[in-house]
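Let me begin by presenting the structure, written as structure tokens, before commenting on it.
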Amino acid sequence: MERFVRNPKDVGAGILLIGLAAMFGILSLDLPMGSAVRMGPGYFPLVLSGILGVLGLIVFIGGLRFADEGEPIRLAALPWRGLVLVTLAVVVFGVGIRPLGLGPAMGLAVFISAMASRRFHLASALAMTGLMVLFAWAVFIKGLGLPLPMLGPLLGGY
Amino acid sequence: MDILSNLELGFSVALTLQNILYCFIGVLLGTLIGVLPGLGPVATIAMLLPITFGLPPVSALIMLAGIYYGAQYGGSTTAILINLPGESSSVVTALDGYQMARQGRAGAALATAALGSFFAGTVATLLLALFAPPLADLALKFGPPEYFALMVLGLVASVALASGSVMKALAMVVLGILLGLAGQDVYTGIPRFTFDITDIADGIEFVALAMGVFGLGELIRNLEDEHGRTVGVQKVTGLMLTKADFKAIVKPVLRGTVLGSLLGILPGGGAILSSFAAYSIEKKLSKTPQRFGRGAIEGVAAPESANNAGAQTSFIPMLTLGIPSNPVMALMIGALIIQGIVPGPNVVNEKPDLFWGIIASMWIGNLMLVLLNLPLIGIWVRLLTVPYHVLFPLIVGFCCIGVYSVNNNAFDVYAMALFGVFGYVLAKLECEPAPLLLGFIIGPMLEEYLRRAMLISRGDPMVFVTRPLSATLLALAVLALVVVLLPSVRKTRDEAFRE
């Protein structure tokens, strides 16, 4: 028996596109439409949402009908560790930059993302972190003069 | 001659000490990221955009342009020496270049790539100087309908020339436009798609989107197969070409240059497509096609000339019409807008020093690249041994500080993280992110011109077909779309990309 979903990638992409189209479409409906002569802020987005929805539907149906010729996705093979840790590193930087300052925020971001690698070594990760903090200080604070403290208010900076 | 005095002005701008320095930094950085796999020009330029705030516009653009064409040079070095294309445009170079290196002719391959690129760069620079001003003059006659039609054509062409599914690429363009529309509506001031978050009131930060999708998304993808790449670098000997080599490469270089220059102008074209097309043409024209893939010097000469020519001429639509033909050009437009310059036909006339300075700097930059790449090849080879797990945490750090420094706003950092995950998901679903970025940049302009066109025509959509220029442009767009959707063309297109 053939599988009902022949190309999970296309079906997934189709669902994602239709979902996004619906979101933008619903948000556009709240905006004034105007007329064709004087288009309101909602006119063009609503038309685009419609087009996006149709395209999503075509991709979705195509995914049900035609088999995938490329490599299939295996959830277990996804780099979950990298995905989570890199994203976390960036978010930690965003949270830390104001209260902690550039030095600690940069250090945390580099160190956390270094952990994303399967070839993580504590010593080399610490060395890289130190290097990058030094570099960020030299280039962004000394060199480019960004208005950022190296240490934030929480750590006794300004 | 007008053009001579223009070029003189250009060189007088480009040859100031400061601009030579920025040009040098640009091509050096470009070569560096071209050599390092996993870091492309789009991500690098996005990272550096905030830094260009403080520079004068000419210096900023000279540096960013240098990164772009420098990356083409660097990418071919790795392609030849370790069979690992540093840039997607040098994928083809790896086919024959690496074989040449294995046969002990790495030096000849590198010299061919460098000289071919230099020649192509010189020709393309001249073409840019010749054709950009008249094109800009023509563009000054454009009304809103023509601009709208031109942008539609540009977007459709970028879809047609992208690899993978046409439907998905189209969807990416539309999604990009929708994302680009977020923020306050220009005419009414009503916020759109902001979810009542004040940080999006002025729109989604372009740098956050570009760095998230291209920088972080790409980076996460590289973490997928992280197994220890043992790099076997081929020895470089004999940089000199023999007489027979010269004879063999003259025609391929010429053909590659012409083809690359033409394809570079097309929206969605640029370096990648040019190199693929040049390679297949050489193979078709060759009397001994079986040599291709086994170390044919023509197989290095043609695509290398083509990708460099394409990289240069893709500046033409950007500088004259303000329309980006690829993501790098979209970033350049971003850089101009940051500087308060509205890209478009007026740039040539109102800012001749900027326009001609950039053109002249490209030629200087190409010369620098030949000097950088041939004698210093040893340094670049050593860089190849930097493992990715050392590199990527530093890239993450750069992305963070880069996006934060645009507005000093932590929200942009979170947005980048979100777009990073989104970009990774898109890549996994085989949706090309490049059309998304183009749509994002063009979206707001597209809507504005549509609204203006409808206003002057009193709501009659026929205005787009009754005006000959806009009708022609739209007809071309429809034609391009129909052609790529034809089953037979689709098949050959898929094959061309797979080769």
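The values are calculated or read from the model by the stated rules, or taken from the named source; none is laboratory data. For clarity, every value in this text was computed on a predicted model and none was experimentally measured. No Cβ is skipped: glycine too gets one built from the backbone with ideal geometry, and neighbour counts run over all protein chains shown. For the accessible areas, the whole protein counts, side chains as well, though only heavy atoms, and no ligand, DNA or RNA atoms are used. Shrake-Rupley method; radii C 1.70, N 1.55, O 1.52, S 1.80 Å.
Brief remarks on what is shown
- Given R0 = 45 Å, the distance between the Cβ atoms of B:LEU9 and A:VAL37 translates into a calculated FRET efficiency of 0.50.
- Near B:ARG192, the amide H atoms lying under 5 Å from its own belong to B:GLY183, B:GLN184, B:ASP185; only residues 5 or more places off or on other chains count, and H is placed 1.01 Å from N.
- On a per residue basis, chain A carries 53 Å² of accessible surface, using protein heavy atoms and a 1.4 Å probe.
- Computed over chain B, relative contact order equals 28 percent, with contacts defined as Cα pairs under 8 Å that lie 6+ residues apart.
- Surface composition of chain B: carbon and sulfur atoms hold 66% of the protein heavy-atom accessible area at a 1.4 Å probe.
- At least 30 Å along the helix axis (C-alpha) and Kyte average at least 0.5, DSSP helices within chain A: A:8-29, A:43-65
- Annotation: amide H-H contacts under 5 Å for B:ILE204 (H modelled 1.01 Å from N, sequence separation of 5 or more, or interchain): B:ALA182.
- Proximity of backbone amide H atoms, modeled 1.01 Å from N, is registered between A:GLY34 and A:GLY40 at under 5 Å, excluding neighbours fewer than 5 places apart on the same chain.
- Along the range B:275-287 the Karplus relation, 6.51 cos²θ - 1.76 cosθ + 1.60 evaluated at θ = phi - 60°, assigns HN-Hα couplings of 5, 4, 5, 4, 5, 5, 5, 4, 5, 5, 7, 5, 6 Hz to successive residues, with x for each Gly and Pro.
- Per residue, the solvent-accessible area of the range B:39-153 (1.4 Å probe, heavy atoms of protein chains only, all protein chains present) comes to 26 Å².
- Simple spin-label estimate for B:ASP137 and A:ALA22 in nanometres, 7 Å along Cα-Cβ: 5.6
- The angle between the Cα long axis of helix B:144-161 and the longest principal axis of the Cα atoms of chain B comes to about 40 degrees, rounded to the nearest 10.
- Taking every C-alpha pair closer than 8 Å and separated by at least 6 residues, the mean separation divided by the residue count of the range A:8-69 gives a relative contact order of 51 percent.
- The dipole here belongs to chain B: it is taken about the Cα centre, uses +1 on the Cβ of Lys and Arg and -1 on the Cβ of Asp and Glu, and is about 1640 debye.
- Comparing B:GLY402, B:GLY299, B:SER158 along the charge dipole axis of the protein assembly as shown, the residue lying farthest to the positive side is B:GLY299, per the Cβ-charge model.
- FRET efficiency for the pair B:THR242 and B:SER286, taken as 1/(1 + (r/R0)^6) with r the Cβ-Cβ distance and R0 = 30 Å, rounds to 0.95.
- Expressed as a whole percent, the accessible surface of the range A:77-153 that belongs to carbon and sulfur atoms is 77, based on a 1.4 Å probe.
- If you plug the beta carbon distance of A:ARG65 and B:GLU224 into 1/(1 + (r/R0)^6) with R0 = 30 Å, you get a FRET efficiency near 0.55.
- Relative to the longest principal axis of the Cα atoms of chain B, helix B:106-140 runs at roughly 20 degrees.
- In this simple spin-label approximation, B:MET462 and A:VAL95 carry label points 7 Å from Cα along the Cα→Cβ vector, and these lie 6.2 nm apart.
- Stretch gain in nm, segment B:ASP202-B:ARG294, where the contour uses 0.36 nm per residue and the Cα spacing is subtracted: 27.7 nm
- With contacts taken as Cα pairs under 8 Å at a separation of at least 6 residues, chain A carries a relative contact order of 21 percent.
- For B:ILE379 and B:ALA475, the difference between the fully extended length at 0.36 nm per residue and the C-alpha to C-alpha distance is 29.5 nm.
- The C-alpha atoms of chain B define a longest principal axis, and helix B:243-265 lies at about 10 degrees to it.
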